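Chemist: What follows is a single structure, and I will ask about it in a moment.
The values are calculated or read from the model by the stated rules, or taken from the named source; none is laboratory data. Note that the coordinates shown come from a computational prediction; the quantities given were computed from them, not determined experimentally. Note: ideal-geometry Cβ built from the backbone for every residue, glycine included; neighbour counts use all protein chains shown. Heads up: the accessible areas ignore ligands, DNA and RNA and are worked out on the full protein's heavy atoms, side chains in. Shrake-Rupley method; radii C 1.70, N 1.55, O 1.52, S 1.80 Å.
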Amino acid sequence: MHYEQLGVTEGDFYNRNFEKGAREDTMILNLGPQHPATHGVLRVIVELDGEYVIRAEPVLGYLHRMHEKMGEVKTLSQFIPNTGRIDYGHALGWNWAFVGAVERLAGFEVPERAQYIRVITTEINRITSHLLWWGAFTLDLGAITPIMYAFDDREHLLDILQMPTGSRLTHSSFRIGGVCTDLSEKFIETVRDFIPKMRERLPMYRDLVTDNVILRKRLEGVGVMDADMCRRYGVTGPVARGSGLAYDVRQAEHFPIYEGLDWQVAVRTEGDSMARYLVRMDEMEQSLNIIEQALAALPAGPVLMKNAPKVLWKAPKGESYFAVEGARGKIGVHLVSNGGEFAYKVKLRSPCFSNLSAYAEAARGTILADAVAILGSLDLVIPEIDR
Amino acid sequence: MIDSLFGTIKVQYLVKCDPAKTGLAWSVFLAQSDLLPAVKLLYRANYFLEDLTAIDAKEGYLAVYHFDHIDSPGRVALRVLTSHEAPELPSIASVYQGAEWHERETTDFYGITFTGNPNPVPLLLAPDMTEHPLQKTEAQRAFLWDLFPPAEPLRAAADFTLLTPAAKLAETGEA
């Protein structure tokens with residue numbers, strides 16, 4: 001409003017909307033849309049009193065592609081590649097959520113081997129996603145080296161994931177009723193070799209970065225989110241688990257293969273950015289445990305059910321909801337069908353969307369540099385928020 | 001659990017679902033005036049908001065609110081109908097602040113107004129855009145009774161006919 005009083009009509013719609021509630025003696029600053037710390041095209045408008053953030057408002061939509069509409073104009077099988085492009089960080093999590101919703105609606109039984117392959121590849125994808133976050137987040141905080149280490153490991157894992165999925169980033173190898181390719185002997189061997197190597201790397205990461213005094217001073221006590229705040233905003237995933245909420249969809253919704261394996265849900269109670277950081281570091285170890293056990297127990301058999309749906313297959317009428325624990329939280333797909341080849345309605349529940357909605361409250365009263373640290377600690381993938 | 005939690009609310013239709021088949025534990029149809037009291041009860045029972053969307057059907061827009069629980073998981077779907085002509089619902093952002101964005105998104109996609117939303121500006125679509133991309137044409141719309149499979153409700157109001165097929169309704173009307 002103070003700009004308008006001065007006769008200045010600067011800024012766009014969102015700036016002018018944000019300025020309506022602004023104080024006279026403050027400065028309004030746009031972080032983004034092209035800002036290195038947003039890892040994509042996210043814009044945050046902040047109102048600053050000196051160094052302190054009084055108010056923050058994320059502006060979305062720069063990467064909006066209307067996947068929900070595409071879900072209504074493509075057949076169910078044709079929509080699978082879209083799911084790999086919603087979140088490029090954890091594409092297989094989205095794959096699984098969508099095919100899971102269709103399978104639940106149709107009452108399909110997925111062959112056991114295919115279920116194991118889904119677990120193994122999704123967990124490898126979770127590690128690649130966490131490594132990407134780890135490198136980029138430390139880069140936000142001013143550490144240049146860790147991303148080199150992170151991408152070293154990540155490239156090896158992407159080589160591995162390329163074997164069964166055929167792609168390095170936008171994986172879409174899950175099918176309604178199974179997966180598209182079986183695991184090769186070479187894949188199994190390479191993963192078996194990689195697990196001990198990765199286990200040696202994780203303590204090095206701890207010595208190099210996690211125990212670093214600069215990192216701890218930047219993150220400890222910064223951006224504290226309590227359990228009630230997580231519930232009010234629907235925050236899930238490592239962010240909620242950093243706030244002491246032991247909620248993991250893999251456990252909460254009784255995923256078949258995970259139930260038989262020995263692994264723990266990583267939880268921290270501090271609720272600050274450091275807790276969220278540590279939860280993700282623990283999760284990489286847990287994912288290695290899951291992959292190792294799942295590989296050892298991998299049964300023989302088909303990887304796709306008999307008479308798996310073809311492109312023009314018609315789903316039965318009704319609705320279903322299927323949730324998966326993605327690298328960033330609870331991925332949900334709500335599917336409504338009127339008995340045609342196309343979905344009548346697809347709702348894509350993005351974990352980052354809900355996690356980011358809590359940001360305005362978490363960043364209030366912090367200094368600007370901490371606000372950037374909090375943004376990074378949420379592990380945002382912008383295309384997933386905008387869908 | 002939900003039937004006792006909603007004891008004081010006039011529920012139109014309440015079904016206990018099989019989570020293995022639908023992913024839902026409870027499906028609840030409410031009148032618009034009962035939405036906010038029901039949401040407050042869920043908040044006090046420590047539920048969190050998963051998502052919010054709408055289904056465009058012949059009868060109107062059916063807004064769907066999904067909630068889940070951290071300690072005793074089981075998805076609750078609240079459903080409220082609003083008309084095509086004047087789509088308007090009360091905002092629940094005063095209870096669940098996270099609903100603010102979900103409501104703005106639903107306004108973008110369907111044109112439903114959420115009264116009481118603290119910042120009702122477009123979220124994902126351009127501010128000058130007037131179209132609502134997920135609205136269906138009259139020919140594309142299906143009946144709600146056609147989309148939702150028949151179920152045995154635990155509670156159902158006598159005047160609740162949304163999920164009764166039109167043919168059956170005509171029969172009983174004649175009789």
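Chemist: Can you tell me how many residues in segment A:15-44 are among the small types (Gly, Ala, Ser) and under 20 Å from the mean Cα position of the chain (by Cα)?
Modeler: Residues flagged as among the small types (Gly, Ala, Ser) and under 20 Å from the mean Cα position of the chain (by Cα) within segment A:15-44 amount to 2.
Chemist: Starting from residues that are more than 9 Å from chain B (Cβ to nearest Cβ) and under 30 Å from residue A:370 (Cα atoms), keep the ones in segment A:60-78 and report whichever is most open to solvent (accessible area, probe 1.4 Å).
Modeler: Filtering first and then ranking leaves A:62.
Chemist: Can you name every residue in segment A:350-377 that is under 19 Å from the mean Cα position of the chain (by Cα) and facing chain B (nearest Cβ under 9 Å)?
Modeler: The answer is A:350, A:353, A:354, A:356, A:357, A:358.
Chemist: Yes or no: segment A:350-372 includes at least one residue that is open to solvent by less than 10 Å² (accessible area, probe 1.4 Å), out of contact with any Leu (no Cβ under 8 Å at 6 or more places or on another chain), within 30 Å of residue B:141 (Cβ to Cβ) and part of a strand (DSSP E or B).
Modeler: Within segment A:350-372, not a single residue is open to solvent by less than 10 Å² (accessible area, probe 1.4 Å), out of contact with any Leu (no Cβ under 8 Å at 6 or more places or on another chain), within 30 Å of residue B:141 (Cβ to Cβ) and part of a strand (DSSP E or B).
Chemist: Let me ask another. Of everything in segment A:378-387, what is in a helix (DSSP H, G or I) and under 12 Å from the mean Cα position of the chain (by Cα)? Give them in sequence order.
Modeler: If the condition is that a residue be in a helix (DSSP H, G or I) and under 12 Å from the mean Cα position of the chain (by Cα), then A:382, A:383, A:384, A:385 are the ones that fit.
Chemist: Report, by residue number, each residue of segment B:1-41 that is part of a helix (DSSP H, G or I) and either within 10 Å of chain A (Cβ to nearest Cβ) or touching a Ser or Thr at 6+ places or on another chain (Cβ under 6 Å) (or both).
Modeler: If the condition is that a residue be part of a helix (DSSP H, G or I) and either within 10 Å of chain A (Cβ to nearest Cβ) or touching a Ser or Thr at 6+ places or on another chain (Cβ under 6 Å) (or both), then B:19, B:20, B:21, B:22 are the ones that fit.
Chemist: Turning to a different aspect of this structure: Hey, residue B:44 hits all of (1) within 14 Å of another protein chain (Cβ to nearest Cβ); (2) buried (at least 22 other Cβ atoms within 10 Å of the Cβ) but one; which does it fall short on?
Modeler: Going through (1) within 14 Å of another protein chain (Cβ to nearest Cβ); (2) buried (at least 22 other Cβ atoms within 10 Å of the Cβ) one by one, residue B:44 breaks only (2).
Chemist: A further question follows. What's the number of the condition residue A:347 fails, among (1) facing chain B (nearest Cβ under 9 Å); (2) open to solvent by 10 Å² or more (accessible area, probe 1.4 Å)?
Modeler: (2) is the only condition that residue A:347 fails.
Chemist: Hey, among the residues in segment B:124-145 that are farther than 20 Å from residue B:66 by Cα and in contact with a Lys or Arg (Cβ under 7 Å, 6 or more places away or on another chain), which one's least open to solvent (accessible area, probe 1.4 Å)?
Modeler: The extreme case among them is B:142.
Chemist: May I pose another question? I'd like to verify a number: residues in segment A:325-344 that are in a loop (DSSP other than H, G, I, E, B) and either within 11 Å of another protein chain (Cβ to nearest Cβ) or buried (at least 19 other Cβ atoms within 10 Å of the Cβ) (or both), how many?
Modeler: Final tally of qualifying residues: 7.
Chemist: Another one. When you go through (1) away from every other protein chain (no Cβ under 14 Å); (2) out of contact with any His (no Cβ under 8 Å at 6 or more places or on another chain); (3) part of a loop (DSSP other than H, G, I, E, B) one by one for residue A:46, which number turns out not to apply?
Modeler: Here residue A:46 meets the rest and fails (3).
Chemist: Against the condition more than 17 Å from residue A:354 (Cβ to Cβ) and either buried (at least 21 other Cβ atoms within 10 Å of the Cβ) or facing chain A (nearest Cβ under 9 Å) (or both), how does residue B:62 come out, does it pass?
Modeler: When the stated conditions are applied, residue B:62 passes them.
Chemist: Quickly run through segment A:222-232 and pick out the residues that are farther than 12 Å from residue A:243 by Cα and in a loop (DSSP other than H, G, I, E, B).
Modeler: Of everything in segment A:222-232, just one residue is farther than 12 Å from residue A:243 by Cα and in a loop (DSSP other than H, G, I, E, B), namely A:222.
Chemist: Another question, if that's okay. Select from segment A:79-129 the residues that are assigned to a helix (DSSP H, G or I), within 14 Å of another protein chain (Cβ to nearest Cβ) and either under 12 Å from the mean Cα position of the chain (by Cα) or of a type outside the set (A, V, I, L, M, F, W, C) (or both) and list them in ascending order.
Modeler: A:100, A:103, A:104
Chemist: Which condition breaks for residue A:170 when tested against (1) at pLDDT below 90; (2) farther than 30 Å from residue A:339 by Cα; (3) in contact with a helix residue (DSSP H, G or I) (Cβ under 9 Å, 6 or more places away or on another chain)?
Modeler: With respect to (1) at pLDDT below 90; (2) farther than 30 Å from residue A:339 by Cα; (3) in contact with a helix residue (DSSP H, G or I) (Cβ under 9 Å, 6 or more places away or on another chain), residue A:170 is out only on (2).
Chemist: Which members of segment B:119-153 meet the condition of being closer than 15 Å to residue A:338 by Cα, in contact with a strand residue (DSSP E or B) (Cβ under 9 Å, 6 or more places away or on another chain) and of a type outside the set (A, V, I, L, M, F, W, C)?
Modeler: Passing the criteria: B:136, B:140, B:141, B:146, B:149.
Yes/no per residue for (1) outside any loop (DSSP other than H, G, I, E, B); (2) crowded, with 17+ Cβ neighbours inside 10 Å:
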| residue | (1), (2) |
| --- | --- |
| A:284 | yes, yes |
| A:288 | yes, yes |
| A:292 | yes, yes |
| A:301 | no, no |
| A:309 | no, yes |
| A:312 | no, no |
| A:323 | yes, yes |
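Chemist: Then there's this: Can you name the number of the only condition in (1) assigned to a strand (DSSP E or B); (2) in contact with a Ser or Thr (Cβ under 9 Å, 6 or more places away or on another chain) that residue B:56 fails?
Modeler: Of the numbered conditions (1) assigned to a strand (DSSP E or B); (2) in contact with a Ser or Thr (Cβ under 9 Å, 6 or more places away or on another chain), the odd one out for residue B:56 is (2).
Chemist: Are any residues in segment A:244-282 open to solvent by 20 Å² or more (accessible area, probe 1.4 Å), charged (D, E, K, R) and more than 17 Å from residue A:327 (Cα to Cα), and if so, which ones?
Modeler: A:259, A:262, A:270
Chemist: To continue, here is another question. Failed condition for residue A:313, given (1) within 28 Å of residue A:209 (Cα to Cα); (2) of a type in the set (A, V, I, L, M, F, W, C); (3) more than 12 Å from chain B (Cβ to nearest Cβ), with all others met?
Modeler: It is condition (1) that residue A:313 fails.
Chemist: Okay, moving on. Those residues that are within 14 Å of chain B (Cβ to nearest Cβ) and open to solvent by less than 10 Å² (accessible area, probe 1.4 Å), I need them from segment A:230-241; list them, please.
Modeler: Hits for segment A:230-241 are A:230, A:234, A:235, A:236, A:237, A:239, A:240, A:241.
Chemist: Here is a follow-up. Out of the residues in segment A:87-99 that are open to solvent by less than 20 Å² (accessible area, probe 1.4 Å) and modelled with pLDDT under 90, state the one that is nearest to residue A:124 (Cα to Cα).
Modeler: A:89
Chemist: Let me ask you something else. Of all the residues that make up segment A:124-141, how many are buried (at least 24 other Cβ atoms within 10 Å of the Cβ) and without any contact (Cβ under 8 Å) to a residue 60 or more places away in the chain?
Modeler: Qualifying residue count for the region: 1.
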